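Read the structure below first, then the notes.
The values are calculated or read from the model by the stated rules, or taken from the named source; none is laboratory data. Everything numeric in this text was worked out from a predicted model, so none of it was measured. All Cβ positions, even for glycine, are placed from backbone atoms using ideal geometry, and neighbour counts span all protein chains on display. Ligands, DNA and RNA are excluded from the accessible area calculation, which covers all protein heavy atoms including side chains. Shrake-Rupley method; radii C 1.70, N 1.55, O 1.52, S 1.80 Å.
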2 protein chains.
Amino acid sequence: MCGIVGYIGKRDAQSILVEGLKKLEYRGYDSAGIAMYTEAGLQVKKAKGRLAVLESHLDGAPLVGTVGIGHTRWATHGKPSDENSHPHTDMTMKFSVVHNGIIENYTDLKEELIASGVTFVSETDTEVISHLVAREYDGDIVRAVQKAITHLRGAYALGVLTEFEPDRLVAVRNASPLIIGIGEGEHFIGSDIPAILEHTRNVFILNDGEMAVLTKDTVELMTIEGNFISREMIHVDWDAVTAEKAGFDHFMLKEIYEQPKAYRDTMRGRVDSDLTVSLPELKLSPAELANIRKVHIVACGTAYHAGLVGKTVIETSARIPVEVEVASEYRYRCPLITPETLVIVVSQSGETADTLAALREAKANGAHVLAITNVVGSSVAREADSVMLTMAGPEIAVASTKAYSSQLIAFFLLGMYLAQTLSTQETAWVRGIVAAMLALPEQVEQILDNTDALREYAESIAVHEHLFFIGRGVDYAVAQEGSLKLKEISYIHSEAYAAGELKHGTLALIEDGIPVIALATQNALLEKTVSNIKEVKARGGVIFGISDVNEATALGKAVDEVYAIPATHPLLTPALSVVPLQMISYYASLARGNDVDKPRNLAKSVTVE
Amino acid sequence: MCGIVGYIGKRDAQSILVEGLKKLEYRGYDSAGIAMYTEAGLQVKKAKGRLAVLESHLDGAPLVGTVGIGHTRWATHGKPSDENSHPHTDMTMKFSVVHNGIIENYTDLKEELIASGVTFVSETDTEVISHLVAREYDGDIVRAVQKAITHLRGAYALGVLTEFEPDRLVAVRNASPLIIGIGEGEHFIGSDIPAILEHTRNVFILNDGEMAVLTKDTVELMTIEGNFISREMIHVDWDAVTAEKAGFDHFMLKEIYEQPKAYRDTMRGRVDSDLTVSLPELKLSPAELANIRKVHIVACGTAYHAGLVGKTVIETSARIPVEVEVASEYRYRCPLITPETLVIVVSQSGETADTLAALREAKANGAHVLAITNVVGSSVAREADSVMLTMAGPEIAVASTKAYSSQLIAFFLLGMYLAQTLSTQETAWVRGIVAAMLALPEQVEQILDNTDALREYAESIAVHEHLFFIGRGVDYAVAQEGSLKLKEISYIHSEAYAAGELKHGTLALIEDGIPVIALATQNALLEKTVSNIKEVKARGGVIFGISDVNEATALGKAVDEVYAIPATHPLLTPALSVVPLQMISYYASLARGNDVDKPRNLAKSVTVE
């Protein structure tokens, strides 16, 4: 959340900054702005709203120069407004700062600065940094930044430009991601790689507590205390074109349809011809695995929901108890971690701040940390002991689809690998499931060929403000993901319940006509779930049921409409049942006229706590 | 849910049945009905709606007789309607049945009966039972019932009366509670004790798979296979008067104000003068306790929320990992239970069907089961290995208040007992917390003396349809309970989030004016929570904060309004912070003109799955 870009070189900085911000807009779109050094000195242009608003301002009065910084905002402190937009400046307008993160002690700093005569123009935490840098400046912007940040507590990635030294750009990273791009006679700052991929594939990745000083010809890396460091350059071989819409109306729709490929790519090289699973990336020997007494799965949002499925998969296949917890809670409750604990962190971007903090907490307590992430070289991938990459490819839509479902595939692979290595299940059982996994991509294609009923249903619920999902077991886990997806992009207030739990209170909200989506893919639990469906119907709920083809007739008798997914092993149904829920969310969002790919208030990779 | 009453004797059966149903109405109030043997043979009167509707029907045309059965319904199969009301009869109107529970295979049975020529008049599962009893009848109602129930799968408590044998009443229990009351020349059936307490204090409690045959002079107890059994009679020493409103407008309000007493009563005899805790009811020796490797807390609804606090308390005090799960999920996912697992089940009534099933699953797997319940002699209390009684007294309002908060006290006592027995914390730490516990009743009284701001706030949110609660750690646990309470009685769609998790999706629902209640009683987490509050405020959320007096000023700067609770130990804050949330729910329900004590769709003790 919040995207930072910076440029210093010989070319037109404005167009490079704006193009970079376009690639970063998924990180926030409450406002955007740039600061550049021009003939008239330091100039700032910024505007509330999407990047397009800033662009229209710049069209009328472009900034001309070859050095600058830019920012796209996801609001934390202060509402989206022109004043709260970045870059922020000091009172003399000589120093400009862009910031991603949260300064936790900004209230104290602000009071202190006000007492010393500073006037603030915004409600942001960031503005204190520009005033601090200005106060500390004595002719060397690097030293001024170093001194200023000694006062800060919290998370920050910074880009700093001063009118007094237009040949230098300063970048700082502390608990918010930042990378440096290396060109020829030009250098770049970016919150992530896509922001600069059009210009260079060579990058340095900054670690926490490090900073970089850029000129057009040189990059110096140092700790924030000023000790020089050397760092291996990384060459990125992503294809910038992969991140285009390829004919789909929205990135989300494209990504939903890429799921069969994502499943195949995530399984490729990990499933052998004899239906055994290889996971060389898991850096634990069979003997070490046999010592694991418990597993903690830690993640946020959608990745947390993948972890809920992972719990069932691992407990069933490996008979090891699993706890799943949201990362922001996990790290603050002194979790009981021992060296016999395997901690699995799940993050699409690998930059989720809460998840990263939990990873560090777990490592500090001696646990082996396995990361499931989609981004090679991300903070989570670099700091974990073992890394299982999901091969979903770049995910651009804010609402995650293929990254989530590829995380499910990763958990299936891990579960089967554990069962096979620990001999906790029969070989035939493992092979049966692996064979069923190989059929999943084609089964998803079958669902994607059969979406008319989903579209119609989505259009029918678009007029509602409340909706409930129910299910038992892994159906409940998928129900939670379906509910979140619908919330994120349709803004319908939906909520998922364990089917048996609704009657313990929330049933009070069911009244005539309230739509309820019931997942009932677990044949062994069908009768119990049908009993709960009847309780809802008796209060006027209108029910859309999802089951596999074998149970669709039985479920159809109890619900108003039923959608059948292909039959698979009961453990694997989430990888199929989530697809109709994604499509319902997509169409409901469309029907309500929302911006599917950029839902209000949200950002793609959540790099603040 | 669903209440059953039955009478056979010499007095006017109608008034006894109706008075009994009044006491049972908390179990369901979708419809009510009675069947009696009169001069005109078997007669049935029933009506949709509250019991008062039935009463007005009976006023015009009373039934006269000395034997009958009655029922108050919480709808599971089929909407509330006259036809779906109990008692149900066969086609000849000679057999009548009242039923609490769910017949899971009723669809198959119904199809089979229809194929054999039976006509159904209701949508209920129960009606199949009356037709089955009629089909099996060959002159002996006991044998007919025994044969009929061999076809049933599911949960049921039954009362059966036939015109052919008006001197006998048959009662059956399988997984739904039923008791038999013993009078002089008269006998009673009841779903629970209060239904008959006015007439007798001597009861037999039926176990699963047992039945009773009542005449006015005799009670025969037998298994459903027909083997006679003997049972110890229980003498109940409850005071029927305790269950009156005592001048309060609603039972809920009375029960909120009874919390200081409930806390004192639950601590009485368990806290010694040297601030150590005694728990003789815990039937595990210190050596056995030291072998406990993990704890599972299993419960439903409000009791589940008490378990969430219990997790933090036990993990902090005893350093034993705790998993908390809703009972309907727990029993179906093959939980990994070993003899080193302590399973704690929590249920106010001790009759919650899902919780009882989970208890049995845990015992079958060799775990020691500790029950925390409010009702002595309840199914859960009878079947658990150890029982900690909460001393909240009878709770009548459907929305639980004093039972929940007394469960918190039980967890505090248990946590301190474990810390002291296992030496996992310093003695001074334990004594400090126990001393703070003793101050809680008076601190609750302080809150109850200061409710004007809560009433005003509740009235301001009553116009809203959406509301969110946020908090971290135990504040998040209490937030979930506060949210459920508000849903149950105000019907506002509220939802609780871990404060750090909102930004991972649900933040999309925050728009201008949406009310958010933020709990921030954990001083160590205050800055982090304030950061999340700022994220919400930046999107237009209007925030009501709750913190302790020491942090109220700091929190007040970030929120629109702040309510301060007295300061206590951070682990104990839930026992205080829940009180303002209860009051907000109560006043919001009042402001919306709802029936506070009997919210729509709900029932007090959930005895179906």
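Pairs of Cα atoms under 8 Å, at least six residues apart: use those to get the relative contact order of segment B:270-440, whole percent. Dividing the mean separation by the residue count of segment B:270-440 yields 26 percent. Can you compute the FRET efficiency between residue B:365 and residue B:453 using 1/(1 + (r/R0)^6), with r the Cβ-Cβ distance and R0 = 60 Å? Round to the nearest 0.05. It comes to 0.75. Given a 1.4 Å probe and the protein chains as shown, residue A:138 ends up with an accessible area of around 90 Å². Each copy carries a label point for residue A:360 at 7 Å from Cα toward Cβ; from one copy, the others' points are 5.1 nm away, ordered from shortest. Length, then width, then depth: along the principal axes, the Cα atoms of segment A:450-591 run 34, 33, 23 Å. For the pair residue B:426 and residue B:285, a Förster radius of 22 Å applied to the C-beta separation gives a FRET efficiency near 0.45, rounded to the nearest 0.05.
In percent, rounded to a whole number, the relative contact order of chain B is 12, using alpha-carbon pairs under 8 Å and six or more apart. Against the criterion of solvent-accessible heavy-atom surface with a 1.4 angstrom probe, B:145, A:542 sort, most first, into A:542, B:145. Considering only Cα atoms, the convex hull volume of segment B:9-85 works out to 83 Å³ per residue. If the chain linking residue B:55 and residue B:105 were pulled fully straight, counting 0.36 nm for each residue of separation and taking away their Cα-Cα distance, it would gain 14.6 nm.
Between copies, residue B:201 shows label-point distances of 8.8 nm, shortest first, with the point placed 7 angstrom from Cα along Cα to C-beta. With both residues required to sit in the protein assembly as shown, DSSP beta bridges show an antiparallel share near 60%. Taking all protein chains into account, the per residue accessible area for segment A:479-609 stands at 22 Å² (1.4 Å probe). Of the residues B:597, A:82, ranked by 1.4 Å probe accessible area with the largest first, the sequence reads A:82, B:597.
Residues in segment A:395-400 carry Karplus couplings, in order, of 10, 9, 4, 5, 7, 6 Hz; the curve used is 6.51 cos²θ - 1.76 cosθ + 1.60 with θ = phi - 60°, and Gly or Pro positions show x. The Rg/Rh ratio of chain B, with both radii computed over alpha carbons and Rh defined as the Kirkwood radius, is 1.00. Here the translational diffusion coefficient of segment A:25-179 follows from Stokes-Einstein with Rh set to the Kirkwood radius across Cα pairs; for 10 °C and 1.306 mPa s it amounts to 103 µm²/s.
Over the Cα atoms of the protein assembly as shown, the radius of gyration divided by the Kirkwood radius equals 1.00; this is the Rg/Rh ratio.
Long hydrophobic helices in chain B, taken as whole DSSP H segments with a C-alpha length of 27 Å or more on their own axis and mean Kyte-Doolittle hydropathy at least -1.0: B:402-422, B:427-448. Ranked from largest to smallest solvent-accessible area, with a 1.4 Å probe on the protein heavy atoms, B:315, B:83, B:184 come out as B:184, B:83, B:315. So what is log10(I(q)/I(0)) for segment A:338-384 at q = 0.26 1/Å, when the Debye sum runs over its Cα atoms only? Log10 of I(q)/I(0), two decimals: -0.84. Stokes-Einstein diffusion for segment A:396-450, with the hydrodynamic radius set to the Kirkwood value over Cα pairs and evaluated at 25 °C in a medium of 0.890 mPa s, equals 193 µm²/s. In the protein assembly as shown, helical runs assigned H by DSSP with n ≥ 4 each contribute -39500 (n - 2.57); averaged across all residues and rounded to the nearest 500, the mean residue ellipticity at 222 nm is -11000 deg cm²/dmol. For residue A:557, the distances from its label point to the matching points in the remaining copies are 6.5 nm, ordered from shortest, with each point set 7 Å beyond Cα toward Cβ. If R0 equals 22 Å, the separation of the Cβ atoms of residue B:119 and residue B:147 corresponds to a calculated FRET efficiency of about 0.55.
Take each residue in B:495-501, count the other chain C-beta atoms within 10 Å of its C-beta, and the mean is 6.
A simple spin-label model places the labels of residue A:293 and residue A:223 3.6 nm from each other, with each point 7 Å out along Cα-to-Cβ. For segment A:324-478, the alpha-carbon coordinates run over 52, 43, 31 Å along the three principal axes, in decreasing order. Rolling a 1.4 Å probe across all protein chains gives residue B:548 an accessible area of roughly 10 Å². With the whole protein complex present, residue A:50 retains an accessible surface near 80 Å², based on a 1.4 Å probe.
What does the buried accessible surface come to for B and A, summed over both chains, with the probe at 1.4 Å? Round to 100 Å².
6700 Å²
For segment A:347-422, the C-alpha radius of gyration sits at 1.12 times the compact-globule guess of 2.2 N^0.38 Å, with N the residue count. Computed from the Cα positions only, the extents of segment B:169-242 along the three principal axes stand at 40, 27, 20 Å, in decreasing order.
Considering only DSSP beta bridges where both residues belong to segment A:270-440, give the percentage that are antiparallel (nearest 5).
5 percent
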